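K.L.:
Provided herewith is a single structure, encoded as structure tokens, for subsequent inquiry.
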Amino acid sequence: MSNRSMTDVAFDILQTQGKEMTFVELWGKVCTSFGFSTSQAENKIAQFFSAMTLDVRFAPLAGGIWDLRSRRTYNETHIDTDSIIIEEELIKEDDLMASVFDDTEEEFDKPFHEEPVPEEEF
């Protein structure tokens, strides 16, 4: 068994291929390289996807395509966050409290009485 990681194998595959590949195609080649059974492949696909996402050697592209970051320009691999629109609503403190505490105030004003626990349960 090889000591190489799935992402190391994927890196070699993409490097040898010389061009981008779909995630499914790349995963299939990694599974073949490791000799994974269908069950093993199903159990490891999420781990592989997470590892690919976190590995700076890889560039996820539109349409489920992956390539080596070294073959891509900065603009192809980075999102312009200026184009992201975030709408923030200002919520009054009273509105926030009303949504958190949906019960009536009477419910909160009731005294709390804890039942004593019998000694034999200690």
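K.L.:
For L26, only one of the following conditions fails: (1) loosely packed, with under 11 Cβ neighbours inside 10 Å; (2) modelled with pLDDT of 80 or more. What is its number?
P.N.:
Going through the list (1) loosely packed, with under 11 Cβ neighbours inside 10 Å; (2) modelled with pLDDT of 80 or more, L26 breaks only (1).
K.L.:
Examine the stretch 16-26 for a residue that is small (G, A, S) and either in contact with a strand residue (DSSP E or B) (Cβ under 6 Å, 6 or more places away or on another chain) or part of a helix (DSSP H, G or I) (or both), and state whether such a residue exists.
P.N.:
No, there is no match, as no residue in the stretch 16-26 is small (G, A, S) and either in contact with a strand residue (DSSP E or B) (Cβ under 6 Å, 6 or more places away or on another chain) or part of a helix (DSSP H, G or I) (or both).
K.L.:
Let me ask something additional. Residues of the stretch 27-57 being hydroxyl-bearing (S, T, Y) and under 11 Å from V9 (Cβ atoms), which ones?
P.N.:
T32, S33
K.L.:
Inside the stretch 35-48, can you point out the residues that are free of Cβ contacts under 8 Å to residues at least 40 places away in the same chain, in a helix (DSSP H, G or I), of a type outside the set (A, V, I, L, M) and surrounded by 15 or more Cβ atoms within 10 Å (Cβ to Cβ)? Lay out the reasoning, then the answer.
P.N.:
Within the stretch 35-48, the first condition is being free of Cβ contacts under 8 Å to residues at least 40 places away in the same chain, and the residues that meet it are 35-46.
With in a helix (DSSP H, G or I) added as a condition, the list becomes 38-46.
When the remaining residues are screened for being of a type outside the set (A, V, I, L, M), the result is 38-40, 42-44.
K44, the sole residue that qualifies.
K.L.:
Please identify the pairs in which a residue from the stretch 1-28 that is without any contact (Cβ under 8 Å) to a residue 40 or more places away in the chain has its Cβ atom under 9 Å from the Cβ atom of a residue that is of a type in the set (D, E) and surrounded by 12 or more Cβ atoms within 10 Å (Cβ to Cβ), counting only partners at least 6 apart or on another chain.
P.N.:
From the stretch 1-28, the pairs are S2/D8; R4/D12.
The values are calculated or read from the model by the stated rules, or taken from the named source; none is laboratory data. Since the structure is predicted, the reported quantities are computational estimates derived from the model, not experimental observations. Methodologically, a virtual Cβ is constructed for each residue, glycine included, from the backbone with ideal geometry; neighbour enumeration extends over all protein chains shown.
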